[in-house]
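Visitor: Provided herewith is a single structure, encoded as structure tokens, for subsequent inquiry.
The values are calculated or read from the model by the stated rules, or taken from the named source; none is laboratory data. Note that this is a predicted model, so its numbers are computed, not measured. Glycine also receives a Cβ, built like all others from the backbone with ideal geometry; neighbour counts cover every protein chain displayed. Surface accessibility is based on the protein's heavy atoms, side chains included, excluding ligands, DNA and RNA. Shrake-Rupley method; radii C 1.70, N 1.55, O 1.52, S 1.80 Å.
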Amino acid sequence: MRSPFTTSRHRRLARRATVAVASVATLAAALAMNVSPASAVDRGHAGAFHHGAKSKIERSDDQLPAPQRPKRTRPLERVVTSTVTAPKAAAAGVTTGNGAPGSNSRGRTLILFDNTGDWGWLGEVYAEQTANLVSHFNAWSAHPVSGYTAGELDAYTSVVYIGSTYDEPLPAAFLADVTTTTIPVTWMYDNIWQLTASDPNFVANRGFIWKQFDFATVSRVDYKGTSLTRDTINGSGIMDQVIYDPARATVLATAYRPDGTTFPWAVRSGNFTYVGEIPFSYVTHDDRYIAFSDILFDAVGSASQAGLNRHRALVRIEDVGPDSDPAELKAIADYLYAQKVPFSVAVYPRYRDPNGVISTALRDRDYTLADKPKVVSALKHMQSRGGTLLMHGYTHQYGNVANPYDGVSANDFEFYRAHVDENDRVIYDGPVAEDSTSWAAGRIQASATAFTRAGLSVPTIFEFPHYAGSATDYRTVTSLVGTRYDRGLYFPGVLKGGAVDYTRPLGQFFPYSVRDVYGSNVIPENIGNVEPEWYNTHPPRLPADILASAKRNLVVRDGVASFFYHPFLGTSYLSQIVSGLKSQGYTFVSGQSVLAN
């Protein structure tokens, strides 16, 4: 007879959902078709952008849309001037961030982004995601490109410009400094035509030139001999490039059209790297975003960082609480110990079922780890076998309401509100009503107290339930805990320091450790988890899928293959993943060790 633990857990598994954000989906449709959001809805595309997300709700599948489709296939080669005087850099809102632990303390990258027009908000969130990745290598500063002042590059070791607005007015000083600087420059997507217009020797010096936007439905980008994916919903095009001098210009990655013909996706010439699109749009586990993450080793990283070649694997045992089956936990721990695999365990210390969904008995609706000594014993056994406990929230649910399912621990969000729409998608609604620094701190303190009362040390690493919280919550975790092990939600307004726009939550995963824009050290999770059954229109994700993602991530020279796993699934799937990752050349390490270097 199946144990009650397994029965309830399988019931939860069947109810998992991947998160989609309706407002972002509508905006994505509008941008892809070069129409307004309202027009996108009218055309029946409002919910069409939730693609390929093969994971449960504990990943932020709130995909970042692409820029608006360019106005012209071949832009006019000219420098676009503005009638508005560019503000000084400080007045433009310069934001700074430190590098992740182990990063180059001598390096600092300047990140410049577009911010004009109706879609100017995209520039900021692209910059947030760029800053997150750059932090793996060194510290950074970011501000709108309009605030650039002559000679500003001299204070930095590298610069990244994110061209997301077609014909964004670029300061002449910026164009001139990019032309003459010797520090590494990375330029994404738009406005390359302004640089070549200002530099008549660009082709002679660089050995390549932009051609025109290619709007083929590219679904494949090859990098280092590996085929990566690209979502064909992306209608913003890729800037094609012509190589005139292969001795000067090297194609780093290649885009494939449906007919099999190819064109450059990214090119490097000397200290200048050009990427033909924004690599943060419509990202999945196997995306060309992985290529960009590795390109940064040469474009931003130090010589020692660029020379690294190691591949580490991480595993996190997920959604462990007072209601977990001790036998299942011990079986997982014993298997991993036998395989010499260190692991982490995400624990919520209080179980709640306020509405009696799983049990009608009051004593079974609300209890803590201290009430379940056998579970505590199993957790201590896991620690003795190489496990590190994480704080996975307090109750992993919110109040007495469905958020979005039924109010039961491990099913629902704790730090963010959500609901299930008519298309069976989970929609982010925004912060909880009580959201504040004191409220978030109270949840963390209550969780810490519950661990202590159970005779367990308070974890020093935090994971947001369902990978979601407000900007306030993230900053509170940074202040009180300092380290997270998850994927983050990022919002317009976080980088500039203004009002946070919670109608546009956007997620990001990392192939290596970072210190994100909230200031948290982040242990990465980037290849998802096993889901044996269809859920919310999404197909199963099995060990073969996880291993395929891990194999693609081998292109990142110092990257990780980090997954999470539910103990109620037993050890069969787990053993397939562990043995598969080892055969691919990955070495299993603890989460803390990834932050150490």
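Visitor: Net charge within 12 Å of ALA155 by Cβ-Cβ distance, Lys/Arg positive one each and Asp/Glu negative one each, not counting ALA155 itself?
Guide: Details: positive: ARG108; negative: GLU152, ASP154, ASP177.
Within the 12 Å Cβ shell, the charges total -2.
Visitor: Please report the carbon-and-sulfur percent of the accessible area for segment 463-597; probe 1.4 Å, protein heavy atoms only, DNA, RNA and ligands left out.
Guide: 53
Visitor: Then there is this: List every residue whose amide H lies under 5 Å from the amide H of PHE588, counting only residues 5 or more places away in sequence or on a different chain, with H placed 1.01 Å from N in the peptide plane.
Guide: ALA313
Visitor: Just to check I understand the Karplus step: with θ = phi - 60° and J = 6.51 cos²θ - 1.76 cosθ + 1.60, what whole-Hz values come out for segment 246-257, glycine and proline as x?
Guide: x, 6, 9, 10, 10, 7, 8, 8, 10, 8, 10, 7
Visitor: Still on this structure: Compute the accessible area per residue over segment 143-297, keeping the other protein chains in place, probe 1.4 Å, unit Å².
Guide: Solvent-accessible surface per residue comes out at 30 Å².
Visitor: Separate question: If you take the beta carbon distance between ASP259 and ASP501 as r and set R0 to 45 Å, what does 1/(1 + (r/R0)^6) give as a FRET efficiency, to the nearest 0.05?
Guide: Efficiency for this residue pair is about 0.65.
Visitor: Right, something else. For segment 323-396 and segment 128-176, compute the distance between their C-alpha centroids and round to whole Å.
Guide: After rounding, the separation between the Cα centres reads 46 Å.
Visitor: Over segment 423-489, give the accessible area per residue in Å² for a 1.4 Å probe, as an integer.
Guide: Here the per-residue accessible area is 34 Å².
Visitor: Also, quick follow-up: Determine the order of HIS396, HIS419 by accessible area, beginning with the largest, at a probe radius of 1.4 Å.
Guide: Greatest to least solvent exposure: HIS419, HIS396.
Visitor: Here's another thing I want to ask about it. List the longest stretch of the chain that has no exposed loop site; here a site is one of the GluC sites (Glu not before Pro) assigned by DSSP to anything other than H, G, I, E or B, with at most 15 other Cβ within 10 Å.
Guide: 78-421
Visitor: Let me ask something additional. Under 5 Å between amide hydrogens, which residues at least 5 positions from TYR244 or on another chain qualify, with H placed 1.01 Å from N in the peptide plane?
Guide: PHE208, ILE209
Visitor: Semi-axes, largest first, in whole Å: what does sqrt of 5 times each Cα gyration tensor eigenvalue give for segment 270-400?
Guide: Taking √(5λ) for each Cα gyration eigenvalue gives 42, 21, 11 Å.
Visitor: So, one more: Can you give the local net charge around ASP287? Use residues other than it whose beta-carbon is closer than 10 angstrom to its beta-carbon, Lys and Arg +1, Asp and Glu -1.
Guide: Around ASP287, the charge tally is +1.
Visitor: Eight or more residues apart or on different chains, and alpha-carbon atoms under 20 Å: count the Lys pairs in the chain matching that.
Guide: Number of lysine pairs found: 12.
Visitor: Using the heavy atoms of the protein chains alone and a 1.4 angstrom probe, what is the accessible area of segment 507-575 per residue in square angstrom? All intermediate terms of the calculation are to be shown ahead of the outcome.
Guide: On the way: 1600 Å² over 69 residues.
Computed with neighbouring chains in place, this is 23 Å² per residue.
Visitor: Let me ask something else. Once both labels are modelled 7 Å past Cα along the beta-carbon direction, what's the THR81-THR360 spacing in nm?
Guide: Computed distance between label sites THR81 and THR360 equals 8.0 nm.
Visitor: When the helices in the chain are scored as -39500 (n - 2.57) per DSSP H run of 4 or longer and the sum is shared across all residues, what 222 nm value do you end up with, to the nearest 500 deg cm²/dmol? Mind showing how you got there, number by number?
Guide: Values: 16 runs with 160 residues, N = 597.
The per-residue figure over the chain is -8000 deg cm²/dmol.
Visitor: Report, to one decimal in Å, the Kirkwood hydrodynamic radius for the chain based on all distinct Cα pairs.
Guide: 24.6
Visitor: Using alpha-carbon pairs under 8 Å, 6+ residues apart, how would you state the relative contact order of segment 150-244 in percent?
Guide: Relative contact order for segment 150-244 comes out at 24 percent.
Visitor: Something else about it: Cα extents of segment 180-245 along the three principal axes, largest first, in whole Å?
Guide: Principal extents (largest minus smallest coordinate, Cα): 36, 25, 22 Å.
Visitor: Can you list the HN-Hα couplings for segment 509-515, worked out from phi with the Karplus curve (6.51, -1.76, 1.60; θ = phi - 60°), rounded to whole Hz and with x for Gly and Pro?
Guide: 10, 10, x, 7, 5, 9, 10
Visitor: Quick check: at a probe of 1.4 Å, how many percent of the accessible area of segment 268-337 sits on carbon and sulfur atoms?
Guide: Exposed carbon and sulfur together represent 53 percent of the surface.
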